[in-house]
Structures are given as structure tokens and as C-alpha cells.
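Read the figures in this text as sums done on the coordinates, not as results from a lab. Since the model is a prediction, treat every value here as computed from it, not as a measurement. We place every Cβ from the backbone using ideal geometry, glycine too, and count neighbours over all the protein chains shown.
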Amino acid sequence: MLSEPIVQIAYFVPDARQAALEVARSGAAGPFFFASEITLAWGERRGSPCTFVHSSAYGHCGNLMLEFVQQEDDGPSPFRDMYPSGGQGIHHVATMVNSLEATISYYESLGCSLAARACTSSGTEFAFVDTVDRLGHMVEIYEKTPTLTGFYQMVEAAAVNWDGADPIRKIG
């Protein structure tokens with residue numbers, strides 16, 4: 001069902017910074033790079049305009065990026081589709097694809113609907129495909145770009161030989 005290899009697993013949590021700090025202190029992953037109140041240039045959820053402001057912490061565990069994400073309000077979003085305020089759990093896995101349009105069409109051909117599509121203020125477009133009934137979580141897709149792959153490489157490189165210092169680092 002997945003169109004490309006998984007590059008990230010994301011957990012929806014009430015407090016992204018605290019969740020990342022707990023994992024970093026356990027030694028399982030880190031350091032984490034924290035982006036507060038990420039705003040979107042535009043977004044839509046199930047065909048209606050939606051700008052879901054969220055905060056995220058990104059770290060690396062082995063060959064996989066971990067994201068802890070929280071929503072800053074109770075408005076509709078692909079996060080609220082799965083978890084009410086205070087809820088938590090695995091929300092999505094992410095894949096990098098060559099074509100957002102072709103991948104959305106692929107999932108739609110399998111009967112999976114587009115839950116959300118958005119673009120960050122820095123120009124990274126992404127989408128959430130609703131695979132909850134089949135996989136238990138959503139799939140996030142975004143096109144491979146030098147900026148995006150560079151971010152992933154930076155987070156992964158920081159984890160190599162990380163000594164536990166400075167577990168939460170601000171970005172954005």
C-alpha cells in the first residue's frame with residue numbers, strides 16, 4: 001500500500017517539546033529540533049480551507065526520523081480527524097515521492113481519500129492521505145526537494161555520535 005519507503009514516523013502528542021525531551025533523556029533518539037507554531041501559506045482539509053497551526057520536534061532514531069507534533073488550537077485538521085484535544089498516538093508515517101499528484105492519484109485508486117493538502121510558509125507542499133481504516137494511521141507525502149532532503153540529512157547528522165548535550169534545539 002505504501003508508495004515509497006517510510007522516512008518518518010510521527011506521533012501526535014499534547015506537548016511536542018516535552019515528548020521529545022523525554023525520548024532524548026532516555027537515550028533512544030536525539031537531539032530534537034523544535035519548530036514552534038508552524039504556520040501554513042495555505043491549507044485545506046477534506047476540500048475546505050484550513051490552516052492548522054502546529055509545533056513539531058524532529059529527531060533521529062536509527063534510519064528513521066521521529067516527529068512529535070502538537071496542534072495549537074482545537075480547529076479542524078488532519079490531526080483532529082484522529083485525535084481530540086488531549087489525545088495522542090501514532091498519527092502518520094511520511095514518504096518522499098517524485099510526484100505529489102501521481103502519488104495522490106495512486107492512493108485514490110486504492111480507495112484512500114485525501115485528508116489534507118497544504119504548503120508551509122517556506123514553500124514545502126505536503127499532503128495527508130487517509131489510510132486509517134487500512135493501516136491505523138495516515139500517510140504523509142511530500143516531494144523530494146533539496147531543501148527537504150537537506151533538512152532530513154541535518155537532523156540525521158546531528159544524531160551521529162550525539163553525546164546527550166543540548167537535547168532540544170530551536171529552529172524556524
Which of (1) 15.3, 47; (2) 16.0, 49; (3) 20.4, 70 is the computed Rg and Dmax of the Cα atoms in Å? It is (1)
Quick one: helix 100-109 against the long Cα principal axis of the chain, what's the angle to the nearest 10°, folded into 0 to 90? 60 degrees
Once phi for every residue in the stretch 35-45 is put through the Karplus expression 6.51 cos²θ - 1.76 cosθ + 1.60 (θ = phi - 60°), the whole-Hz ³J(HN,Hα) values, with Gly and Pro written as x, are 10, 9, 6, 5, 9, 9, 5, 7, x, 9, 10
Where does each of 12-21, 111-120 land if you order them by average Cβ count within 10 Å, highest first? 12-21, 111-120
Normalised by the number of residues in the stretch 25-139, what is the relative contact order in percent for Cα pairs under 8 Å and 6+ residues apart? 24 percent
Environment charge of residue 65, counting only residues whose C-beta is closer than 13 Å and scoring Lys/Arg +1, Asp/Glu -1: -3
Evaluate the distance, in nm, between pseudo-label points positioned 7 Å from the Cα of residue 26 and of residue 124 along their respective Cα→Cβ axes. 2.4 nm
Within the set of other residues whose C-beta is less than 14 Å from the C-beta of residue 8, count the net charge using Lys and Arg as +1 and Asp and Glu as -1. -3
Charges on Cβ only, +1 for Lys and Arg, -1 for Asp and Glu, centred on the Cα centroid of the stretch 31-126; of 54, 110, 120, which one is farthest towards the dipole's positive end? 110
Residues with amide H under 5 Å of residue 33's amide H, sequence separation 5 or more or different chain, H placed in the peptide plane at 1.01 Å from N; which? 58, 59, 169
Computed for the chain: size of charge dipole around the Cα centre, +1 on C-beta of each Lys and Arg, -1 on C-beta of each Asp and Glu, debye to nearest 20, value 140 debye
Heads up, the stretch 11-111 by the C-alpha gyration tensor (a ≥ b ≥ c square roots of eigenvalues; a/c under 1.5 rounded, else a/b over b/c prolate, else oblate) looks oblate
Counting helices only, and only those DSSP H runs with n ≥ 4, report the 222 nm mean residue ellipticity of the chain as the sum of -39,500 (n - 2.57) divided by its residues, in deg cm²/dmol to the nearest 500. -6500 deg cm²/dmol
Could you check the spin-label model distance between residue 63 and residue 88? Points 7 Å from the Cα along Cα→Cβ, value in nm. 2.9 nm
Between the stretch 102-129 and the stretch 1-50, what's the alpha-carbon centroid distance in Å? 16 Å
